[in-house]
1. Could you list all residues from region 444-477 that are touching a strand residue (DSSP E or B) at 6+ places or on another chain (Cβ under 9 Å), open to solvent by 70 Å² or more (accessible area, probe 1.4 Å) and free of Cβ contacts under 8 Å to residues at least 60 places away in the same chain?
2. Being small (G, A, S) and either closer than 30 Å to P327 by Cα or touching a His at 6+ places or on another chain (Cβ under 9 Å) (or both) is the filter; apply it to region 398-427 and report the residue that is most open to solvent (accessible area, probe 1.4 Å).
3. Condition first: modelled with pLDDT of 75 or more and open to solvent by less than 70 Å² (accessible area, probe 1.4 Å). Now tell me which residues in region 244-259 satisfy that.
4. Anything in region 395-431 that is outside any loop (DSSP other than H, G, I, E, B) and of a type in the set (A, V, I, L, M)? List them, or say none.
5. Take region 217-227 and flag every residue that is part of a helix (DSSP H, G or I) and open to solvent by less than 100 Å² (accessible area, probe 1.4 Å).
6. Of the conditions (1) part of a helix (DSSP H, G or I); (2) modelled with pLDDT of 60 or more, V170 satisfies every one except a single condition; which number is it?
7. Look at region 21-58 and say how many of its residues are touching a Phe, Trp or Tyr at 6+ places or on another chain (Cβ under 6 Å) and among the small types (G, A, S).
8. Which members of region 261-297 meet the condition of being of a type in the set (S, T, N, Q), under 30 Å from F425 (Cβ atoms) and at pLDDT 75 or above?
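The values are calculated or read from the model by the stated rules, or taken from the named source; none is laboratory data. Note that the coordinates shown come from a computational prediction; the quantities given were computed from them, not determined experimentally. A quick note on method: Cβ atoms are made from the backbone with ideal geometry, for glycine too, and the neighbour counts reach across all protein chains shown. Keep in mind that these areas ignore ligands, DNA and RNA; they rest on the heavy atoms of the full protein, side chains included. Shrake-Rupley method; radii C 1.70, N 1.55, O 1.52, S 1.80 Å.
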Amino acid sequence: MKNIKWMPLLMVFTILAITGFQVYWLSKAYEREERTLELRTNMLFREAVRSVQASKLKLDSLSNDSTGNSRMYIRTELGERRGNHRFRIPQREKMIGMMDVLMQRSHDSSNSKVIIRTGDSIRVFNNKISPRQNRIMQFLFDVDALQDTIRVAEIEKAYTKKLAEQRLDVPFNVKRVPTLEVDTGRRRFNEVTLGFANPVTYQLNLGNTFPVLIKRISAAILFSLFLIGFTILSFMLLYRNLLRQRKLADIKNEFISNITHELKTPIATVSVAIEALRSFGASMNPQKSKEYLDISANELQRLSLLVDKVLKLSMFEKKEIELRYEPVNMRQVADEVTASMRLQFEKRKADVSVHSEGDTCVEGDRLHLVSVLFNLLDNALKYSKGEPAIRVCLKDNGTQLQLVVADNGIGIAQEYHHRIFEKFFRVPHGNVHDAKGYGLGLSYVSHVVEQHKGSITVSSSEEEGSRFTILLPKHKA
């Protein structure tokens, strides 16, 4: 409790540490999802380009003989049977070199000769060639000439279909990039190059992927927010409970101080009266004896009321007490209570009046209703300066009885109106404690009224007195 002032700093530091860890964790998850998304989109882009390329090529030409219009012709010499076939290819030396390598790696039992015309020059490949090799070479030439027929719109359409199959909604842009502008020293996974002699590169550029990535890690974000919120709520409840415990400890210490004084005063008074009767021969004087005995009886009654109030309030809170309902005339109760307090009123020169209108009978517990009125009048007298003026008004409101106790005392500040009915609470008045009390009276009154299914309100301001209004149902609810 002594170090409670450091608790907010410790809690704030802990919350910041947890928040920092969650932010770091989420940033790593975001980067991981970003890399995964980039890899998946690039792979799908390559698949889309290859699928468009495959649809243009008719890949079954490798397994069937090519017929019809063809840009590749092969000249072969097979024994006595000779035939001339010629084909044209783009004028690129690396294409000729690739053909030479393919021929050198082919195997067949017949002599063959391949003649390639490139402009004014003729190159002859003396090698063995088979019909299947014929088709492979035609396929390669078709691939090289294909890039001119592939449109960007076709790639975008195929790529959109691939994304839809994977349930990815990512904005993108596909553009055709000259191969000379492509950095050949660095491999870019978002680029696909088609062709051999005249290569063409298609490049994929993703748009704003932030919403997609946030959606993919939304579960982690919600968990982090829940964890941080739960931690903050727990710390707030813990700190509030610590403050409440500290306040209760202060109230307990004040209560013990006040009630100790209240208990010691009647005990000391009775002790002095008994000592006087015993030591100073007061027993021989009937008038003195009666005076001392009256003093002792009053102090013992005061002590009994104090103990009874504490016990009854505790029993009310534990709901261990049951009200004994009976017809009660509240006007008679008011007259009885004011009569029993006549000496106290005369000592303070208080002006007390009781007014009633209509039927003032209710069904309730007489003992507790008497205690309610006694506590209100006692407070009105205790917290008044000069010559107190106290008014008790009873009014028939049909199904309810209105009881009003008003005074011209020091009043209660507005901010304490909702707290004066709390147990042990006393309105602070700086370091001045002229009125002795223990913060149980109004709490007891509130509990009794609530048990009778009634209500109590206060209207007051500082230095203008207080007005307590109680509404009680006339019949048992």
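1. E450, K453, T457, S459
2. Going through the qualifying residues, I end up with G398.
3. A249
4. Kept after step one, since they are outside any loop (DSSP other than H, G, I, E, B), are these residues of region 395-431: 395-396, 400-406, 414-416, 429, 431.
Result: L401, L403, V404, V405, A406.
5. Step one: list which residues in region 217-227 are part of a helix (DSSP H, G or I), which gives 218-227.
Result: S218, A219, A220, I221, S224, L227.
6. (1)
7. 1
8. T269
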